[in-house]
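Inspection log for the structure reproduced underneath, given as structure tokens.
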Amino acid sequence: MDAFLVSTGIVALAEIGDKTQLLAFLLAAKFRRPLPIVLGIFVATIVNHAFAAVVGAWVASAMGPDVMRWVLGLSFLAMAAWIMVPDKIDGDEASLAKYGVFVTTLIAFFLAEMGDKTQIATVALAARYESIIAVIAGTTFGMMLANVPAVIFGERIARNMPLRLVHGIAALIFALLGIGTLLGAGASFGF
């Protein structure tokens with residue numbers, strides 16, 4: 001249950017103000033059809049995060065416990081710093097409208113998520129926790145928690161949300177995970 005809850009919380013916070021959330025706002029404003037947009041985000045997230053979790057589990061199995069502890073600890077600390085850098089949306093990701101709402105969302109969201117903060121976080125979380133299913137479910141749920149309101153309520157949310165505070169909380173969580181991992185908090189997990 002820890003893997004699911006931590007994954008959900010970290011990704012939900014990390015996603016606020018992220019380029020994929022900005023893409024969700026853009027798609028909602030452009031198409032004004034929330035259901036196919038939400039379904040496209042959901043499918044793209046599952047596929048992307050499943051791939052990331054498999055990579056994370058493979059990395060965990062390929063490294064010894066001491067190396068893994070340092071890699072994870074430093075990765076979480078790097079994520080803490082990276083989360084404080086605001087994202088901007090690329091024009092190319094929003095120019096796929098000729099394929100329909102669902103397919104446009106699916107392709108744009110999948111591409112935008114490649115190498116994104118939440119995908120990298122999913123790799124690290126899958127390396128940290130034994131249950132990649134719980135990590136995939138948690139990171140997907142976190143993405144949906146952050147993006148469904150963005151699709152449905154759009155600009156009203158963006159204007160009233162203190163992004164710096166939310167990013168600061170997410171960075172603090174990543175930093176605590178990093179420090180805890182470096183200090184041996186993952187010993188019960190084998191690293």
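The values are calculated or read from the model by the stated rules, or taken from the named source; none is laboratory data. Keep in mind that this is a model prediction, so the values were computed, not measured. No Cβ is skipped: glycine too gets one built from the backbone with ideal geometry, and neighbour counts run over all protein chains shown. For accessibility, only protein heavy atoms count, side chains too; no ligands or nucleic acids. Shrake-Rupley method; radii C 1.70, N 1.55, O 1.52, S 1.80 Å.
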Checking the condition open to solvent by less than 10 Å² (accessible area, probe 1.4 Å) and either without any contact (Cβ under 8 Å) to a residue 24 or more places away in the chain or assigned to a helix (DSSP H, G or I) (or both), which residue from Ala29, Ala57, Ala52 passes?
Ala52
Taking Ile46, is it touching a Leu at 6+ places or on another chain (Cβ under 8 Å) and touching a residue at least 40 places away in the same chain (Cβ under 8 Å)?
no
With the requirement that a residue be under 13 Å from the mean Cα position of the chain (by Cα), modelled with pLDDT of 75 or more and open to solvent by 60 Å² or more (accessible area, probe 1.4 Å), what does region 72-110 give you?
Phe110
